[in-house]
Amino acid sequence: MKGVWPRVHVNGRLEGAEMEWLHTNGAGAYAMSTVAMRHTRRYHGVFIAALAPPVDRFVVVSHAETSVVTAERSYRLAVQQSPDAAPTPGYRFLESFDQDPIPRWTYRLGKSRFERSLALVRGKNAVVASYTWFGKEPASIRLRPLMPMRPIHALSREHGAMTQLVRMLPGQVEIRPVAALPPILFGHAGTFLGSPDWYRRLEYPEDKLRMADGEEDLWTPGSFEMELLPGVPSYLVVAVGSMPRGSPESLMAETAQFLRGEDPGPDHPPSVRELFIAAEQFAVDQCERPTILAGYPWLTALTKDALVALPGIHLVRGRVDAAKRTLRTIAGSLVDDLATRRLRGSGVETPSVEASLWLAEGTRQLLAFVTPDDETVRTVLYPALERIFRRILRGQDGLVRLSSDGLVTSADEHVALPWLDVDTGETVPFSGPSHAIDLQALWTRGLTTLARLARAHGSRALADEAEELGGRARAAFGARFWCEKTRYPFDHLRSVDEAEGPRADASIRPNALVALDVDPSLFERWQAVAILERVKTRLLTVRGIRSLDPDQPGYRGEYEGTFEARQIAYHQGLAWTHLLGAYARASLRLTPDDFDLQEALRLRVEEARLGSNVLGQVAQFGDGEPPHRAGGCPAQATSVAELLRTLVWDLGL
């Protein structure tokens with residue numbers, strides 16, 4: 001590491017260049033690969049654009065095949081993987097990689113040095129690449145863009161539909177290989193040689209570990225050739241639709257200046273500074289629909305994740321206006337009077353009770369920084385919460401309903417998992433509507449928030465209604481959710497209105513910890529102590545909080561095997577990093593002056609943030625079993641946000 005910015009010394013070794021880097025533009029576009037530029041995932045590329053910012057992401061330029069030609073020889077810098085073959089050896093020339101703050105590669109070509117840098121234009125679907133030669137005599141560079149022009153989750157195959165429609169403009173080349181997509185513009189100060197072709201069977205090893213298919217064909221429109229004068233950068237700009245305003249130099253400088261400004265400075269510990277920088281990569285505030293992206297490279301604008309991450313990504317860093325814009329986006333996108341699972345792109349999104357209740361929690365977090373009279377709260381969030389409240393009250397459908405005593409039932413949130421029957425001790429297959437413990441806490445706390453806003457805005461009847469229902473729900477929770485046999489709350493109750501009577505899931509999962517964090521008033525102090533003790537002894541790991549006690553039936557503590565097996569393991573034993581935030585807050589609430597506890601939590605967070613394959617980032621979870629390898633999405637918003645929130649707010653660093 002160079003200060004708080006990532007640095008990797010490669011010195012021509014591939015094993016030293018397998019870490020991934022990530023660079024984003026604040027509007028959903030990103031660039032990502034390994035340090036060696038050997039793409040190992042279908043999601044890697046030097047320019048992934050967001051065509052409906054921040055979603056509908058397409059891989060526009062995967063690689064830019066690069067060769068530097070001197071008087072003595074030609075150096076091919078590409079590092080590509082094909083089936084049953086070693087990677088092409090461009091990495092042997094690579095000395096180091098720096099991201100300080102934009103990605104920069106330094107090569108040793110003979111006795112001379114060569115650098116290339118990459119910068120996405122803030123808020124625009126555009127990327128600027130610079131190439132600087134430090135030899136004694138001029139050289140030249142040949143760049144061949146490889147363009148799959150496909151959604152990030154897909155793979156391209158050689159076909160005849162790519163069209164070589166080229167417009168030659170002063171200093172620009174416009175290409176439109178796919179009629180249904182916008183044109184792609186290249187800004188350059190050289191020569192373009194049109195020679196369309198396909199590069200066949202490029203391999204993505206990480207995809208092959210997780211999916212059946214990990215090979216792709218990539219189309220190229222031709223190559224760009226530019227002169228390299230000693231010490232003078234040459235540039236290639238790639239943009240979707242239209243070129244950004246400004247010179248390449250100024251565009252790169254603007255991006256670098258912005259990113260350096262995300263470092264809060266040496267008055268903070270290195271871990272806090274690094275998490276500040278990491279947090280910015282998820283903040284999508286440079287487009288018409290601001291939000292927080294859930295993770296890179298494959299996760300999108302998931303509503304629940306955005307709301308869980310909102311305190312750490314925005315509020316901890318002092319971005320109150322950005323938090324308001326994110327909440328406006330979510331509250332302004334209700335479907336059937338409920339928030340949707342994810343931000344709508346080109347398709348129709350389904351409503352979600354869980355996401356809707358997290359919107360109330362996000363509003364509560366914002367109210368620590370603004371008053372109920374704030375315009376966003378008054379005109380957007382309060383009306384949205386009232387709509388959600390009325391929607392849940394009228395319920396009685398397949399998505400949501402209330403029990404007679406005010407507990408909320410939702411059928412859309414939780415995957416079908418085996419239940420541990422409290423009476424028989426056996427696992428029982430079950431799927432369908434249920435009372436989830438974390439949803440009850442979100443519901444009761446959300447009712448308190450709604451009542452506060454209603455009173456502030458003169459709606460006494462609504463405030464009384466919300467408070468009365470909240471009181472009934474808390475009483476029902478206290479009577480039904482504690483399991484004496486396990487000395488831990490039930491994870492789920494089946495619908496208590498069913499004629500067969502209630503059945504309870506006694507599995508030891510972290511949802512009770514979430515409930516304790518969101519609405520501690522639901523628990524007596526002795527219950528909170530018991531929950532935290534069970535979490536500490538059975539669920540806590542160096543990487544996060546396990547999703548299931550290892551002694552429970554169905555436990556799967558390793559993220560491996562088929563795609564289906566990995567999906568099951570998500571909820572059957574993997575250790576979720578972001579849940580350390582809930583554990584820390586609940587623990588400190590009981591003993592706020594315990595300095596030994598504070599130090600133990602700090603060390604726990606410091607260790608948990610390590611292990612991701614992406615430089616400077618935090619992974620989604622770790623294995624439930626030692627050595628607790630980091631896995632899942634390698635750059636996860638909730639993980640970064642909750643660790644940052646813990647260090648800054650809860651531990652005061």
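Summing Lys and Arg as +1 and Asp and Glu as -1 over all other residues whose Cβ lies under 14 Å from the Cβ of Pro510 gives a net charge of 0. Modelled this way, with points 7 Å down the Cα-to-C-beta line, the labels at Glu560 and Ser242 are 5.3 nm from one another.
Note on the chain: dipole from Cβ charges, positive end direction compared against Val370, Thr191, Ser404; the farthest Cα belongs to Thr191.
Here the 3J(HN,Hα) profile of region 66-74, calculated from phi with Karplus coefficients 6.51, -1.76 and 1.60 at θ = phi - 60°, is 10, 10, 9, 10, 10, 5, 8, 6, 10 Hz, Gly and Pro shown as x.
This model, with +1 at the C-beta of Lys and Arg and -1 at the C-beta of Asp and Glu, gives region 520-584 a dipole about its Cα centre of some 180 debye. Label sites at Thr486 and Trp198, each approximated as a point 7 angstrom past Cα along Cα to Cβ, lie 5.4 nm apart.
Taking 0.36 nm per residue of separation and subtracting the Cα-Cα distance, full extension of the segment from Ala479 to Thr591 would add 37.7 nm. Along region 542-550 the Karplus relation, 6.51 cos²θ - 1.76 cosθ + 1.60 evaluated at θ = phi - 60°, assigns HN-Hα couplings of 5, 9, x, 9, 4, 7, 7, 4, x Hz to successive residues, with x for each Gly and Pro. Within the straight-line cut-off of under 28 Å between alpha carbons, the lysines reachable from Lys324 are Lys124, Lys304, sequence neighbours fewer than 8 places apart in one chain being disregarded. Here the extension length gained between His9 and Ala411 equals 139.7 nm, from 0.36 nm per residue of separation less the Cα-Cα distance. Distance between the modelled labels on Asp337 and Asp217, one decimal in nanometres: 5.3 nm (7 Å Cα→Cβ projection).
Taking θ as phi - 60° and the Karplus parameters 6.51, -1.76 and 1.60, the scalar couplings of region 612-626 work out to 5, 7, 9, 4, x, 10, 10, 7, 5, 7, x, 4, x, 10, x Hz in sequence order, x denoting glycine and proline. Of the GluC sites (Glu not before Pro) found in region 463-567, the ones in coil according to DSSP and having at most 12 other Cβ atoms within 10 Å of their Cβ are Glu484, Glu498, Glu500, Glu524. Ignoring lysines fewer than eight residues from Lys136 along the same chain, the ones with Cα atoms less than 22 angstrom from its Cα are Lys111. The value of relative contact order for region 514-653, using C-alpha pairs under 8 Å at least six residues apart, is 24 percent. Indicate the gyration tensor shape class of region 210-305 (rounded, prolate or oblate), computed on the Cα atoms with a ≥ b ≥ c the square roots of the eigenvalues: a/c under 1.5 is rounded; otherwise a/b larger than b/c is prolate and the rest oblate. The shape class here is oblate. What does a probe at Asp321 reach in region 332-370, counting residues whose amide N is under 13 Å from the point 7 Å along Cα→Cβ? Answer for region 332-370: none. Residues of region 367-395 with an amide N closer than 17 Å to a point placed 7 Å from the Cα of Ala456 along the Cα-to-Cβ direction: 367-387. Simple point charges give the picture: +1 on the Cβ of Lys and Arg, -1 on the Cβ of Asp and Glu, and for the chain a dipole about the Cα centre of about 1380 debye. Over all other residues within a Cβ to Cβ distance under 10 Å of Leu94, the charged ones net out to +2, with Lys and Arg as +1 and Asp and Glu as -1. Measure nothing but the geometry: give the 0 to 90° angle between the long axis through the Cα atoms of 270-280 and the longest principal axis through the Cα atoms of the chain, rounded to 10°. That works out to roughly 80 degrees. Since only Val4, Ile141, Leu469 are under comparison, the one whose Cα sits farthest along the positive direction of the charge dipole of the chain, derived from C-beta charges on Lys, Arg, Asp and Glu, is Ile141. Each Lys or Arg adds one and each Asp or Glu takes one away; over the other residues whose Cβ falls under 9 Å from the Cβ of Arg104, this sums to -2.
Look at the alpha carbon pairs under 8 Å that are at least 6 residues apart: their mean separation over the length of region 542-582 gives a relative contact order of 53 percent. Segment Thr379..Phe134, full-extension length gain: 82.4 nm, with 0.36 nm per residue of separation and the alpha-carbon distance subtracted.
Every read-out reported here was derived from the displayed coordinates using simple, explicitly stated rules and does not represent laboratory data. Please read these numbers as outputs of a predicted model, since none were measured by experiment. Cβ coordinates were reconstructed from backbone atoms using ideal geometry, including for glycine residues, and neighbour counts include every protein chain displayed.
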